[in-house]
1. So which of D102, D89 ends up being touching a His at 6+ places or on another chain (Cβ under 6 Å) and within 19 Å of G196 (Cα to Cα)?
2. Mind checking whether some residue in the stretch 51-58 is in contact with a Lys or Arg (Cβ under 6 Å, 6 or more places away or on another chain), assigned to a strand (DSSP E or B) and free of Cβ contacts under 8 Å to residues at least 40 places away in the same chain?
3. Here is a list: T46, T35. Which entry is assigned to a strand (DSSP E or B), at negative phi and out of contact with any Leu (no Cβ under 7 Å at 6 or more places or on another chain)?
4. Where residues in the stretch 148-170 are part of a loop (DSSP other than H, G, I, E, B) and more than 21 Å from A109 (Cβ to Cβ), which of them is least open to solvent (accessible area, probe 1.4 Å)?
5. Being more than 22 Å from I188 (Cβ to Cβ), surrounded by 17 or more Cβ atoms within 10 Å (Cβ to Cβ) and out of contact with any Gly (no Cβ under 7 Å at 6 or more places or on another chain) narrows it down to one residue among T132, T74, T103; which is it?
Amino acid sequence: MRMRNLALTAMTVIGAATLSVPAAATVFDFNDVVTVKGTNVGMGWTIDFEGMSAQGNETNKVGATGTFTYTGLTNGGKTYNFNYTLKNDSAYSSYVHALGFDTTGAFTAFNATGALASTSTNVQWPSSTIGTLDLCMGGGGGSNCVAHYENGVRNQGTGSFAITFGNVMSSIDLDHFAVKFLDLSRNIDKNDWALGVGRVTSMTSGADDIAVITAPEPMTWMMMLVGFGLIGAAVRRRPAKGVTTLQTA
């Protein structure tokens, strides 16, 4: 696991500072951190994956959008469960073959279902920008989800994944989201595959963040009662309207 050197708060996205590099280089900042509290069921976030060629150059010919929802704890509080939807936004025909990211804590298991159901851990990605990611889910088999297996998300895919830790975790951090594109209809920098690095673009609250309506304080109750009493007294002092009696012959 990577060491985290930032103070993180619940439901916070933190953008890491961009290092200065020569003007000719392309900088990819995908260090946004998503903090998930165990009690925050229903929270969600969206990630935009920006295209990067095999040579590390920026490209707008590939791209993807991922939406994620935390669905709760199982296994005595040790397993965090999520749903995901992955949309391939690429201008070139392709499929998203793999999705990877880092997490905090000593995880003991990682499982996935749906469009990207083949899982592996501590995977070296084919880019020094991305490096080694803790968790990886992909289409196809094998122990390395970024290998060139013929499967993935052509347009849109859904599924779920679960991360199990050795101990109960009150919260976890997820960061360094990345995807790999395969089977491009046209080469990018002389390769038929490319990558995407993710940045968080939106986040929604879960059940833990719903505002709680509390009862008024005792002094507030007293002021309300006094107010009602004054209103009642004013009504009692109001003169009664006269009653007209009809006289008959």
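The values are calculated or read from the model by the stated rules, or taken from the named source; none is laboratory data. The shown structure was predicted, so the numbers you read here are calculated from the model rather than taken from an experiment. Heads up, the Cβs are rebuilt from the backbone with ideal geometry, glycines too, and the neighbour counts pull from every protein chain shown. Surface accessibility is based on the protein's heavy atoms, side chains included, excluding ligands, DNA and RNA. Shrake-Rupley method; radii C 1.70, N 1.55, O 1.52, S 1.80 Å.
1. D102
2. no
3. When all the criteria are applied, what remains is T46.
4. Top of the filtered list is G152.
5. On the way: T132 fails: surrounded by 17 or more Cβ atoms within 10 Å (Cβ to Cβ); T74 fails: surrounded by 17 or more Cβ atoms within 10 Å (Cβ to Cβ).
T103 is the lone residue from the list that is more than 22 Å from I188 (Cβ to Cβ), surrounded by 17 or more Cβ atoms within 10 Å (Cβ to Cβ) and out of contact with any Gly (no Cβ under 7 Å at 6 or more places or on another chain).
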